[in-house]
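First comes the structure, then the notes that go with it.
The values are calculated or read from the model by the stated rules, or taken from the named source; none is laboratory data. Note that the structure is a prediction, hence the values are computed from the model and not measured. Don't worry about glycine lacking a Cβ; one is built from the backbone with ideal geometry, like all the others, and counts go over all protein chains shown.
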There are 2 protein chains.
Amino acid sequence: MSEGNQSIAQTVAAIAEGHLTSRQWVEHCLERIRENEALGIWSHVDEERALARADEMDWMRKDGSAFGSLHGCPIGLKDIIEVKGMPHGCGSPLMGEISKANASLVDALEAAGAVIIGKTETTEFAFLNPARTKNPHSLEHSPGGSSAGSAAAVASGDVPVTIGSQTNGSIIRPASYCGVFAMKPSAGIIPRTGVFEQSPTLDQMGLFATSLEDLGLVVDALSVHDSRDPHSIAAPRPSCFAGAQAEPPMEPNFAIMTLPYSDLQSHACTEGFREVADSLEGRVEILEAPPTFEQLIEAQRTIHLTEAFRAFDSMGFIGNPQLSEVITKMLAEGQSISQGNYEEALIIRDSLTEFFDNFFEDFDAILSPSSSGAAPLLSEGHTGNPIFCTVWTLAGLPSLNLPILQGESGLPIGLQMIGRRRDDARLLRTARWFMTTLFDEGEG
Amino acid sequence: MSEGNQSIAQTVAAIAEGHLTSRQWVEHCLERIRENEALGIWSHVDEERALARADEMDWMRKDGSAFGSLHGCPIGLKDIIEVKGMPHGCGSPLMGEISKANASLVDALEAAGAVIIGKTETTEFAFLNPARTKNPHSLEHSPGGSSAGSAAAVASGDVPVTIGSQTNGSIIRPASYCGVFAMKPSAGIIPRTGVFEQSPTLDQMGLFATSLEDLGLVVDALSVHDSRDPHSIAAPRPSCFAGAQAEPPMEPNFAIMTLPYSDLQSHACTEGFREVADSLEGRVEILEAPPTFEQLIEAQRTIHLTEAFRAFDSMGFIGNPQLSEVITKMLAEGQSISQGNYEEALIIRDSLTEFFDNFFEDFDAILSPSSSGAAPLLSEGHTGNPIFCTVWTLAGLPSLNLPILQGESGLPIGLQMIGRRRDDARLLRTARWFMTTLFDEGEG
C-alpha cells in the first residue's frame with residue numbers, strides 16, 4: 001500500500017513487482033475519500049469506473065505487454081478538466097453536462113496508466129467564489145482556490161496526486177494553505193485542450209503531490225504536445241523526473257525580489273521567509289524589482305478580465321443570473337476595458353518576458369512567499385490573495401510550492417520557488433538541492 | 001553525419017554530445033533528396049521550414065532545457081497525414097489544400113524533437129492506383145503501394161525514417177519491394193486523428209526505417225493516446241525501443257501457417273522462405289490454417305470497400321470524374337454490399353481476433369512472406385498483391401518486414417513476422433533474436 005512516505009514511482013514499482021495491485025491502491029484511496037467526506041473535496045467520484053480501470057491495469061501487468069510510468073496510480077482532476085463520461089461541473093450550476101471527450105491531458109494520463117478517481121471541487125469557473133471544500137488542516141479555514149479540491153485531496157491523503165490550473169495564483173496559493181508540494185510548469189508544457197477556458201493567454205495547468213519527485217514523475221506524463229492548444233510547445237519537454245533526482249553541477253544561486261506588495265505579508269510569513277533567506281547565506285541576493293513591476297498587477301488584471309469577459313461572452317453567459325455576484329462584477333469590469341488598454345497590457349507582459357529571459361543567466365531560481373500568509377477563515381468568504389503568484393504566472397515561468405513555513409495559527413505557509421521558462425527540470429533540481437541542504441542536513 | 005550504419009539513437013546521441021548538428025543531418029538529407037529527384041519520392045519538401053526547425057533543435061540542445069528522443073531527426077510523412085501549413089495531397093487532384101492542423105502523430109513527433117522534411121508520395125487516396133514513385137533498386141520497378149514514397153525514401157537514403165499507413169498491405173508490401181525494415185504496430189498504438197480515413201476499422205499507421213532498433217525508437221515516440229481516434233488504446237504502450245534491444249528469456253517459437261493463397265508466391269519467394277524455415281530447425285512449426293481462414297480475404301474486402309464507400313460518400317466524392325477508374329470501381333463495389341453482408345464480415349473478423357488471442361500462448365511469432373515475390377514492373381500498372389498482409393492487418397496484429405530475401409531479378413523480398421496484439425515489444429525482441437541468430441551468427 002502507498003502508506004507513509006513511499007513515492008509514486010516506488011509504489012508503481014511495487015505494482016510492477018507484484019507486491020501490490022492497483023486495485024488495492026485505488027480501494028485504499030476510495031476509503032480515504034469516504035472517511036474525509038466532510039472536507040467536501042470531490043464534486044464527482046466514480047468508484048466503479050476507477051476499480052474497473054485498476055483491474056485493467058492489474059491485468060496488463062500480469063499480461064506483461066505494457067507498463068506505464070503511472071501504472072495503476074489513482075489521480076484526481078480539478079472539475080474544469082473534461083473526462084469523457086463524467087459531469088463537467090466547473091463549480092457552477094450552469095454546467096454539469098456529461099463530457100463527450102477527454103481533455104488531452106487526460107489522454108496523456110491514461111496512456112501512462114493512471115486511474116482517474118474523479119473530479120475535485122473548484123471555485124465557480126476557477127474564479128474567486130469559494131468552493132465548499134474545507135482545509136484538511138483546520139475545518140474552519142479555506143483551502144484556498146481556485147484548485148481547492150485538488151490541493152485538499154493531496155493534503156488529506158485522498159489521492160497521491162491531483163491536477164489543477166492556475167490563471168493567477170490558483171495552484172501555488174491553495175498548495176501553500178494546504179501544506180502540499182505543487183508545481184505550475186512553464187506555460188505550454190501541459191496542453192489545455194478540453195479544459196474550461198478562463199483566459200487563453202494566462203491559463204496554465206499544474207499539479208499537487210507530496211514530493212518533488214512525484215511532481216516530476218507526473219509532469220513528465222502530462223508533457224505532451226497538442227497543437228490544438230496554441231500555447232502548447234511543439235518541441236521536446238524538460239525531463240522533470242530526472243531533474244527532481246539530479247544533483248546540480250554547482251551550488252545554485254537564488255534571488256529575492258522586493259516586490260511593491262511585500263507589505264501584504266503576515267508577520268509569520270515575513271519571519272519565516274527571512275529565516276530561509278538567512279539560512280542560504282551567501283547563495284541569495286536581494287534585488288529591488290525594476291520600476292516597471294509596479295504596472296504588472298494592473299496589467300495582469302487587464303488581460304485576465306478582458307479575456308474572461310470574451311470567454312464568457314462566447315459561451316453566452318454574460319448577464320446570466322446563475323453567475324455569482326463576484327464573477328458578474330469581474331466580467332463587467334472586463335467588458336469595460338478598452339482594446340487599447342488590453343493591448344498596452346500585452347506589451348507590458350512582453351517586456352516582462354524579455355526581462356526574465358535574461359534574468360536567469362545569473363540566478364537559478366527566485367524565492368518568494370507562495371501566499372501572503374496562512375489560509376483565511378472560511379467565514380471571511382474568500383480564497384485568499386493570489387498576488388504573490390501574479391507576476392510569475394503572467395510571465396509563464398515555472399513555479400513550485402514548497403510546504404516549509406508555518407503561520408501564526410500553526411497552519412502551513414508555502415515558500416515559492418520560480419525558475420527559468422521551459423527549464424522546469426532545473427527548477428526541480430534546484431528545489432531538491434534546497435530541500436536536501438536546508439532540511440535533511442538540519443540547517444533549516 | 002548519419003552515414004553508413006549509425007542508428008537514429010546513436011545519431012541523436014551525437015547531437016546531444018555536440019559532435020553533429022541537426023542542421024548538418026537535415027542538410028545531408030535535403031542533398032540526398034535533390035540527388036534522388038528522379039525517383040519521384042516526395043510530393044512536398046519544405047527546405048526552409050526543415051532548416052529552421054533543425055536550428056531550433058540545435059538551439060535547444062545548446063540551451064540545455066530539453067532534449068527529445070528524436071532530437072533533430074529528419075522524417076518524412078506519407079501524404080495522407082496532415083501537417084499544419086503543408087498541402088494535404090493524398091495522391092489526388094481532388095485534394096491539396098494547406099492543412100490547418102497537425103495529425104496527432106505529428107504533434108507526437110514534434111514533442112520528440114523530430115524535423116518534418118515533407119510529405120511522401122502515396123497512391124491515389126492510399127488505394128491501388130500507382131504513385132509516380134520508382135523503386136530505388138530498379139527504376140523500371142514499382143516501389144509498391146500505397147506508402148510508395150515512404151518506403152522508397154528510406155530505401156534511397158533520403159531520410160532515416162518515414163511514416164506510412166496500412167489498410168491491407170500498404171506498409172509491409174512496399175517495404176518488401178524496397179528492401180527496408182518496416183513495422184505496422186498493433187491497431188490502436190499510433191493514433192490516426194488527422195490522417196485521411198479510408199476504412200475506420202482497418203486503417204493502421206506504421207513506419208519504415210533501416211533497423212529494428214530505429215523502428216522501436218520511433219514507434220515509442222508515436223505511441224501516444226488520442227481519444228478522438230476511437231481505436232486508440234487508453235492504456236500504457238509497449239516499450240518498443242527496449243524490446244528491439246532485449247534478449248528473449250528463452251529461444252522463441254515460430255509458426256508458419258499454410259494459407260489458402262500460398263500458390264501465389266513466386267518461386268524465389270517460396271525457396272527463400274523455405275530456407276529460412278529450415279534454418280530455424282526445431283524452432284518452427286508448420287500449421288494448417290483453420291478452415292474459417294478461407295473466408296477472411298472476402299470478409300476483409302467486404303469491410304474495406306463498405307467503409308471506403310461510406311468515407312468517400314461522406315466527403316461527397318462519389319461519382320467525381322477526378323477519381324481514377326480503379327477507385328470508382330472499388331467504391332461501386334462497396335456501395336453494392338448489403339448491411340447484412342458487412343455485419344457478417346465483422347463477425348468473421350471478431351472470430352479471427354479471438355482465434356489469435358489464444359494462438360500466441362504457444363508461439364512468439366508467425367512467419368509469412370511479406371509479398372508474393374519481388375516488385376512488379378512499373379509497366380504492369382499496379383502496386384502488387386497485398387494478400388500476404390490481409391489476415392494480419394484484419395486482426396490488428398503487429399507485423400514487421402525483415403528485408404532478408406531476394407527475388408529472381410536480384411530485387412529484395414521481405415520476410416514478414418507477426419506477433420500478438422499489443423505485444424509489439426515482444427515482436428521486436430523476437431525479430432532481433434531472429435536476425436542475430438540467423439545472420440550475425442552466419443546461420444542464414
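Brief remarks follow.
- On inspection, A:Asp214 does not qualify as surrounded by 24 or more Cβ atoms within 10 Å (Cβ to Cβ) and without any contact (Cβ under 8 Å) to a residue 60 or more places away in the chain.
- Subset of segment B:41-76 (residues that are buried (at least 24 other Cβ atoms within 10 Å of the Cβ), more than 10 Å from every other protein chain (Cβ to nearest Cβ) and basic (Lys, Arg)): none
- Counted residues, segment A:290-318 - those being exposed (fewer than 15 other Cβ atoms within 10 Å of the Cβ) and either over 23 Å from the mean Cα position of the chain (by Cα) or free of Cβ contacts under 8 Å to residues at least 12 places away in the same chain (or both): 8
- Residue that is touching a helix residue (DSSP H, G or I) at 6+ places or on another chain (Cβ under 8 Å) and at pLDDT 95 or above, where the choices are B:Ser351, B:Ser399, B:Ser338: B:Ser399
- Unmet requirement for B:Ser2, which otherwise passes all of (1) in contact with a His (Cβ under 9 Å, 6 or more places away or on another chain); (2) surrounded by fewer than 20 Cβ atoms within 10 Å (Cβ to Cβ); (3) modelled with pLDDT under 95: (2)
- Test: residue in segment A:77-85 that is free of Cβ contacts under 8 Å to residues at least 60 places away in the same chain, farther than 29 Å from B:Cys240 by Cα and within 14 Å of another protein chain (Cβ to nearest Cβ): yes
- Residues (more than 10 Å from chain B (Cβ to nearest Cβ) and in a loop (DSSP other than H, G, I, E, B)) located in segment A:101-121: A:Glu121
- Residue within segment A:15-37 that is surrounded by 23 or more Cβ atoms within 10 Å (Cβ to Cβ) and among the polar types (S, T, N, Q) present: yes
- Residue within segment A:427-438 that is within 30 Å of A:Glu307 (Cα to Cα) and of a type outside the set (Ser, Thr, Tyr) present: yes
- Some residue of segment A:361-371 being touching a strand residue (DSSP E or B) at 6+ places or on another chain (Cβ under 9 Å), at pLDDT below 95 and crowded, with 18+ Cβ neighbours inside 10 Å: no
- A:Phe293 being within 14 Å of chain B (Cβ to nearest Cβ), aromatic (Phe, Trp, Tyr) and within 22 Å of A:Met417 (Cα to Cα): no
- Check on B:Cys90, under 21 Å from the mean Cα position of the chain (by Cα), on the phi > 0 side of the Ramachandran plot and away from every other protein chain (no Cβ under 14 Å): yes
- Criterion: hydroxyl-bearing (Ser, Thr, Tyr) and either within 14 Å of another protein chain (Cβ to nearest Cβ) or over 19 Å from the mean Cα position of the chain (by Cα) (or both) - qualifying residue of A:Ser370, A:Ser379, A:Ser399: A:Ser379
- Checking B:Ser199 against (1) under 9 Å from the mean Cα position of the chain (by Cα); (2) away from every other protein chain (no Cβ under 14 Å), the condition it does not meet: (1)
- Enumeration of residues in segment A:303-320 that are hydroxyl-bearing (Ser, Thr, Tyr) and within 7 Å of A:Gly334 (Cα to Cα): A:Thr306
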